[in-house]
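For reference, the structure is listed below as structure tokens.
Readers should treat all values here as calculations from the given coordinates under stated rules, not as data from a laboratory. What you are looking at is a predicted structure, and each value in this text was computed from that prediction instead of being measured. As a convention, Cβ positions derive from the backbone with ideal geometry for all residues, glycine included, and neighbour counts pool all protein chains shown.
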Amino acid sequence: MLINLPIDFNMNANLGYLGRNKNECMFEMDNGFITRVIDTGKTYRLVQLHANKHNQMIVQFIDSKPTKETEQAAVVRFVREWFDLDRDLFPFYEMANVDPLLKKPVQDFYGLRVVGVPDLFEALCWGVLGQQINLAFAYTLKRRFVEKFGTSIEHNSKKYWIFPTFKQIAKLSPEDLTDIKMTLKKSEYIIGIAKLMDNGELSKEKLLAMDNLKDAEKSLIKIRGIGPWTANYVLMRCLRHTSAFPIDDVGLHNSIKFLMGLDRKPSKEELLELSSKWSGWQAYATFYLWRVLY
DNA sequence: GGCCAGGAACCTT
DNA sequence: AAGGTTCATGGC
């Protein structure tokens, strides 16, 4: 399958983001090829993708199973969503090119998209896992969680993991998670979220139906374990609100500190002032600023 | 070895 | 509503 990429899409910029941590367990990267499992709705299929020289993404099933058209369509949909291919970034670049803080990052990483986490449960778990610990440890926790509770597809004696489903996790008790060294609180949060999704109170469809960002944010923050940071992180990476803004993010603070040569992190007032021109594109601004450090 | 990490809940004022 | 404390492990 071929997907025509936007003219301002740069595969290497996106690969750079995806390859930033060697401990990533949800996909494999090798020489520009990404291999991962994609949920087609009814089946899990092992897929490999890479970009060719004609600005196209080539998507191939590599598990040698018969493929239905519905699966092809689902995979293409996933890839489009994963890399935010249907977004017109012209207004963002127009704004960022004259923004003192964003100017250099958008030059250095031009063509980068907000790489998504299309699965809501995965996005929420990744958000909760990442709270108040360093990113390297967060990746370790995610790997342990996935390898203990997820399933996998084997290919060439390698395992390609499928993120644990909320249905599986909803059945667990917090103690089941403590031996992977995640805190009891986080275990409670993740199981609580899984239960809300399992009983249908929380779903991607419901959140997407709230066209107002603030409504979706409020409904997420009501959930135990989800605060302003996690809510906006998920709105940014899963629900794809370009104006979601995890303003409390330490990585964002450190990036700004670095770019401005400060000897301290920016204050809340400074953050609001610096981001005042980013309206509508806070998520993209944040993502590019993260790339400066990670 | 000590500081701090892609925060949030929970407890005091 | 604000402000301080606790969670808790591990990277650097």
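Quick notes on this one:
- The order of A:281, A:229, going from fewest to most other C-beta atoms within 10 Å of their C-beta, is A:229, A:281.
- Whole-number Å³ per residue for the convex hull built on Cα positions in the stretch A:80-213: 171 Å³
- Projection of the Cα convex hull of chain A, averaged over all directions and equal to a quarter of that hull's surface, yields 15.6 nm².
- Entries in A:142/A:204; A:65/A:195; A:148/A:204 that, when Cα-Cα distance is taken, lie over 29 Å: A:65/A:195
- Proxy reagent accessibility, fewest Cβ within 10 Å first, across A:54, A:241: A:54, A:241
- Segment residue A:30-residue A:277, extension gain: residue separation times 0.36 nm, minus the distance between their alpha carbons: 85.1 nm
- Least to most buried among A:237, A:144 (fewest other Cβ within 10 Å first): A:144, A:237
- With contributions of -39500 (n - 2.57) from each DSSP H run of at least four residues, the per-residue ellipticity at 222 nm computed over chain A stands at -13500 deg cm²/dmol.
- With 5 Å bins from 0: P(r) over the stretch A:2-86, alpha-carbon pairs, percent: 3, 13, 27, 26, 19, 10, 2
- On full extension, the segment bounded by residue A:97 and residue A:188 gains 28.4 nm, given 0.36 nm per residue less the C-alpha separation.
- Residues residue A:222 and residue A:52, FRET efficiency given R0 of 41 Å [Cβ-Cβ distance, rounded to 0.05]: 0.35
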